[in-house]
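Everything on this sheet refers to the single structure shown next.
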Amino acid sequence: MPTDQYGARSAVETRAKGAKKKGQREVDLRSDTVTKPTPEMREAMAYAEVGDDVFGEDPTTNKLQDMSAKMFGKEAGLFVTSGTQGNIAAALAHCQRGDEMIVGHKSHMANAEVGSVSAFGGVQIRMVQNDEQGRVNPDEVEHAIRPDNIHYPITRLIAIENTHNGCGGYPITPEDTEAVAGVAKRHGLKFHIDGARIFNAAVALETPVKELAKDADTVSFCLSKGLACPIGSVVVGSHEDIEKVRRQRKALGGAMRQVGIIAAAGVVALESMVDRLAEDHANARKLAVGLSKIKGIEIYPDKLPTNLVFCWPKVKSPGEIQRRIEARGVRFLSLSYGWRLVTHYGITSDDIDYALDVIEDTFKEYRV
Ligand code: TLP
């Protein structure tokens, strides 16, 4: 049975599937969240200078926040525990209870953050259609903004996602971003980017993140995905907005103490892990081209932009095939709209060869 759009149906299922045979080679393509810290990160973490970050006295965290702000062309940054916490804290910083925010219908914020902006902040989500590449139509967004009427909530925030996970990992260009941000500006609304994988977008588009972020009031980005940190995300924005996000982070229980221990990995990531994302994209292309040659798999390899590979098994029991593939150590997610295979630090070109061999053999054995 396929899982839903965002992976495992439950924590129990994730754990059960994790069981593997002793000595079995493993190629884990479920997500770039499975990446482990690099030796440089472990070293930096071990010797990180630390202080109490709730007092603003953790030098390593301050360094990470300053570096992030500078890279994104913003005044300030704030370390948060996760992408989800960054998005929620930013949304709650921009909105009051009863306000409304506009996001794409396939966005992580609308679908995979436990309804938290509503649950914790009383913020209503209004969705507009994402196109196949994760973009939202600026006219539709404008149309979704509530007119001034006592029956309606007040629209306060527009958010987009870059790259777009639920739409195949497409990068959103500065032009497309600017078009939506322009709508926000014209109506006096705030504009947030869920940039969990914005560095993948920057590398794919060969554009600095600063350029992708220039029209946003706030951007959250993840250190714990392709950049291979064990924990953490950062929200960047103006001093004023980041102070509001800081307050929301505190309310969400995300203000930590000697957090430089984990921020240290983030510093290493920003210094040395961004450019190598091109390797993940090349491996993803290789994987997609290989999959396109396997009978029984539908895929559009020419449409592949970053590190997320989506394909569709055209067989009677895809679940059975997946189980057989997993038994040989190749792991990926089966989602309601297809299979997702993600390349990342830790996956080599040789791993892609192995994964392709296993998948091809299994489809052959299965006589599709
Ligand atoms: N994405 C995870 C799962 O939650 C699905 C993944 O494996 O892709 N925004 C986007 C666009 C994301 O893809 C994710 C995580 C988040 C936010 C949340 O980040 P975390 O997991 O750090 O809370």
(message) Whole-Hz ³J(HN,Hα) for each residue in region 25-32, computed from phi via Karplus 6.51 cos²θ - 1.76 cosθ + 1.60 with θ = phi - 60°, x for glycine and proline: what do you get?
(response) 4, 10, 10, 9, 10, 5, 6, 7
(request) Excluding residues fewer than 8 places away in the same chain, name every one of the lysines whose C-alpha is closer than 26 Å to that of LYS364. (result) LYS17, LYS20, LYS21, LYS22, LYS286, LYS293, LYS295, LYS303, LYS314, LYS316
(message) Using 10 Å bins from zero, what percent of all Cα-Cα pairs in region 232-324 falls into each bin?
(response) 13, 25, 21, 21, 18, 2
(message) As a test, work out the antiparallel percent of DSSP beta bridges whose residues both lie in region 39-272, rounded to the nearest 5.
(response) 40 percent
(message) Can you compute the modelled spin-label distance between ASN137 and HIS105, with each label point 7 Å from Cα toward Cβ, in nm?
(response) 1.2 nm
(message) Can you tell me the length gained on complete extension of the stretch GLU271 to GLU57, counting 0.36 nm per residue apart and subtracting the Cα distance?
(response) 74.8 nm
(request) List every residue whose amide H lies under 5 Å from the amide H of VAL27, counting only residues 5 or more places away in sequence or on a different chain, with H placed 1.01 Å from N in the peptide plane. (result) VAL330, ARG331
(request) Take every Cα-Cα distance within region 18-91, group them into 10 Å bins from 0 onward, and report for each bin the whole-number percent of pairs it holds. (result) 14, 32, 33, 14, 7
(request) Quick one: angle between helix 260-272 and the longest Cα principal axis of the chain, in degrees between 0 and 90, rounded to 10, please. (result) 70 degrees
(message) Using a Förster radius of 51 Å, what is the FRET efficiency between ARG247 and ALA282 based on their Cβ-Cβ separation? Nearest 0.05, please.
(response) 0.75
(request) Could you work out how far helix 277-292 tilts from the main Cα principal axis of the chain, as a 0 to 90 degree angle to the nearest 10? (result) 40 degrees
(message) Can you give me the distance in nm between label points at TYR47 and ALA119, each placed 7 Å from the Cα along the Cα-to-Cβ direction?
(response) 4.2 nm
(request) Give a residue-ordered list of calculated ³J(HN,Hα) values for region 121-129 (Karplus: 6.51 cos²θ - 1.76 cosθ + 1.60, θ = phi - 60°; whole Hz; x for Gly, Pro). (result) x, x, 9, 8, 9, 10, 9, 10, 5
(message) Connecting C-alpha atoms closer than 10 Å in a GNM of the chain, tell me which of GLY122, GLY134, GLY77 has the biggest fluctuation.
(response) GLY122
(request) May I ask you to list the aspartates and glutamates whose Cα is less than 17 Å away from that of LYS210, ignoring any residue fewer than eight positions away on the same chain? (result) ASP66, GLU75, GLU161, GLU175, ASP176, GLU178, ASP194, GLU271, ASP275
(request) Could you pull the Rg and Dmax for region 39-272, using just the Cα atoms, both in Å? (result) 17.0, 58
(request) List the residues whose amide H sits under 5 Å from the amide H of PHE191, counting only those 5 or more places along or on another chain, with H placed 1.01 Å from N in the peptide plane. (result) ILE158, ASP217, THR218
(request) Just need the relative contact order of the chain here, percent rounded to a whole number, with Cα pairs under 8 Å and 6+ apart. (result) 26 percent
(request) Please list the non-local residues whose amide H lies under 5 Å from the amide H of GLY104, H modeled 1.01 Å from N, same-chain partners needing a gap of 5 or more. (result) VAL128
(request) Go through region 239-245 residue by residue and turn each phi into a ³J(HN,Hα) via Karplus (6.51, -1.76, 1.60, θ = phi - 60°); whole Hz please, and just put x for glycine and proline. (result) 3, 5, 5, 5, 5, 5, 5
(request) Please grab the % of Cα pairs in region 154-313 that end up more than 29 Å from each other. (result) 27 percent
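Every number in this text was worked out from the coordinates using simple rules, so none of it is lab data. These figures come from a predicted structure and were not determined experimentally. Ideal geometry is used to build each Cβ from the backbone, glycine not excepted, and the neighbour counts take in all protein chains shown.
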